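Novice: Have a look at the structure that comes next, please.
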Amino acid sequence: SDAIWARFREACDCFFDRKKTHFNQLDEARVGNLEAKEKIILSLEALYESIPENLFNVLLEARESWLEAGPVPRKNSDEVWERFGTVQDKLIDKGLAEIPSFAKQIKSDIDAKVKLLERAKTVAESTDWSGTANVLKEMQQEWKELNRVGSQESELWKSFRSICDEFFDRRKDQYEIMDQTRQNNLRDKEILLKQAQELASRAISSEVQREIKMLRKQWKEIGHVPKKHSDRIWNAFNKACDSCFPQSDD
């Protein structure tokens with residue numbers, strides 16, 4: 001017993017030591033990623049005084065480098081992301097004012113985001129909860145694939161995100177209502193099941209059969225129940241009802 005316990009404990013300790021080493025390495029990597037991302041921010045801030053003609057490509061390369069740098073410590077994540085967004089927006093606003101070719105490229109993204117925003121307003125009015133949710137998620141991905149658009153970015157994103165959030169909140173509320181309705185339906189059908197089983201315990205008679213037919217009619221008028229209970233309660237109810245009618249030799 002002691003020998004087996006010692007082997008088991010040694011195996012567990014080995015695993016947890018490896019786990020600790022692994023996460024320590026991840027933490028060290030995240031600190032390095034933070035330093036890399038801070039360098040990206042500083043390199044962009046250095047462009048404030050003299051905006052390069054190839055600003056569009058510079059920003060594109062900065063975003064690619066940002067993604068390649070990987071995750072940073074969680075406590076720094078929001079702050080460093082906000083700084084990165086702010087420095088991009090400042091440069092974009094300058095580029096819009098000073099570089100016509102850059103302005104043309106960014107304005108196409110502004111138009112695309114405005115169209116997504118207007119489309120989201122229409123789509124989010126739907127009560128096709130599942131289909132609309134998928135469409136809005138696809139639109140959110142489309143938004144992320146577009147370039148930032150300077151100081152307008154924050155307000156456009158806020159409006160777009162608000163529309164999406166309001167839809168998903170309504171969907172959640174509706175699903176909760178539907179779940180409660182199904183629970184109520186289950187309760188009502190459980191009552192009918194007990195009544196059918198009580199009738200099935202009696203001798204077969206025209207009166208019993210008449211009451212069973214009434215129960216079946218009431219059953220049809222009640223809506224869906226939670227899926228995990230559907231087959232069970234229907235099979236039990238149907239079996240009780242069928243037993244109240246003479247079975248043919250076939």
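Novice: Please list, ordered by first then second residue, the pairs with beta carbon atoms under 8 Å, 6 or more apart or interchain, first in region 115-143 and modelled with pLDDT of 95 or more, second in a helix (DSSP H, G or I) and open to solvent by 90 Å² or more (accessible area, probe 1.4 Å).
Specialist: Final answer for the pair search is ALA124/GLU166; MET139/ARG119.
Novice: Turning to a different aspect of this structure: Under 7 Å between Cβ atoms, which residue pairs at least 6 apart in sequence (or on different chains) link something in region 217-240 that is under 12 Å from GLN197 (Cα atoms) and touching a residue at least 12 places away in the same chain (Cβ under 8 Å) with a partner that is open to solvent by 80 Å² or more (accessible area, probe 1.4 Å) and assigned to a helix (DSSP H, G or I)?
Specialist: ALA240/GLN197
Novice: When you scan region 199-211, do you find a residue that is open to solvent by 80 Å² or more (accessible area, probe 1.4 Å), closer than 30 Å to ALA133 by Cα and without any contact (Cβ under 8 Å) to a residue 24 or more places away in the chain, even just one?
Specialist: For region 199-211, residues open to solvent by 80 Å² or more (accessible area, probe 1.4 Å), closer than 30 Å to ALA133 by Cα and without any contact (Cβ under 8 Å) to a residue 24 or more places away in the chain: absent.
Novice: A further question on this structure: When you scan region 141-158, do you find a residue that is open to solvent by less than 90 Å² (accessible area, probe 1.4 Å), outside any helix (DSSP H, G or I) and of a type in the set (Val, Ile, Thr), even just one?
Specialist: Yes, the conditions are met somewhere in region 141-158.
Novice: Go through region 212-228 residue by residue and tally those that are touching a helix residue (DSSP H, G or I) at 6+ places or on another chain (Cβ under 7 Å), open to solvent by 50 Å² or more (accessible area, probe 1.4 Å) and in a helix (DSSP H, G or I). Outline the logic, then answer.
Specialist: Let us first name the residues in region 212-228 that are touching a helix residue (DSSP H, G or I) at 6+ places or on another chain (Cβ under 7 Å), namely 212, 215-216, 218-219, 222-226.
In the following step, the residues that additionally are open to solvent by 50 Å² or more (accessible area, probe 1.4 Å) were identified as 216, 218, 224.
Next cut, in a helix (DSSP H, G or I) only: 216, 218.
Looking only at that region, the number is 2.
Novice: If you check LYS189 against the conditions, is it touching a Phe, Trp or Tyr at 6+ places or on another chain (Cβ under 8 Å) and either open to solvent by 100 Å² or more (accessible area, probe 1.4 Å) or in a helix (DSSP H, G or I) (or both)? Show your work before the answer.
Specialist: Numbers: touching a Phe, Trp or Tyr at 6+ places or on another chain (Cβ under 8 Å): yes; either open to solvent by 100 Å² or more (accessible area, probe 1.4 Å) or in a helix (DSSP H, G or I) (or both): yes.
It is true that LYS189 is touching a Phe, Trp or Tyr at 6+ places or on another chain (Cβ under 8 Å) and either open to solvent by 100 Å² or more (accessible area, probe 1.4 Å) or in a helix (DSSP H, G or I) (or both).
Novice: Run GLU64 past the list (1) free of Cβ contacts under 8 Å to residues at least 12 places away in the same chain; (2) more than 32 Å from the chain's Cα centre (by Cα) and report the number of the one that doesn't hold.
Specialist: (2)
Novice: Looking at ASP179, ASP231, ASP173 in this structure, which one is surrounded by fewer than 13 Cβ atoms within 10 Å (Cβ to Cβ), closer than 30 Å to VAL114 by Cα and at pLDDT 95 or above? Write out each step before concluding.
Specialist: Values: ASP179 fails: closer than 30 Å to VAL114 by Cα; ASP231 fails: closer than 30 Å to VAL114 by Cα.
The unique qualifying residue is ASP173.
Novice: Of everything in region 159-170 that's among the aromatic types (Phe, Trp, Tyr) and farther than 28 Å from LYS90 by Cα, which residue is least open to solvent (accessible area, probe 1.4 Å)? Quick ask: steps written out before the conclusion?
Specialist: First, the residues of region 159-170 that are among the aromatic types (Phe, Trp, Tyr): 160, 167-168.
Add one more test, that the residue is farther than 28 Å from LYS90 by Cα, and what stays is 167-168.
Working: PHE167: 2, PHE168: 49 Å².
So, considering only residues that are among the aromatic types (Phe, Trp, Tyr) and farther than 28 Å from LYS90 by Cα, the one least open to solvent (accessible area, probe 1.4 Å) is PHE167.
The values are calculated or read from the model by the stated rules, or taken from the named source; none is laboratory data. This structure is a prediction, so every number in the text was calculated from the model and none was measured. Cβ sites come from the backbone with ideal geometry, for glycine too, and all protein chains shown count toward neighbours. What goes into the accessible areas is simple: the full protein's heavy atoms, side chains included, and nothing from ligands, DNA or RNA. Shrake-Rupley method; radii C 1.70, N 1.55, O 1.52, S 1.80 Å.
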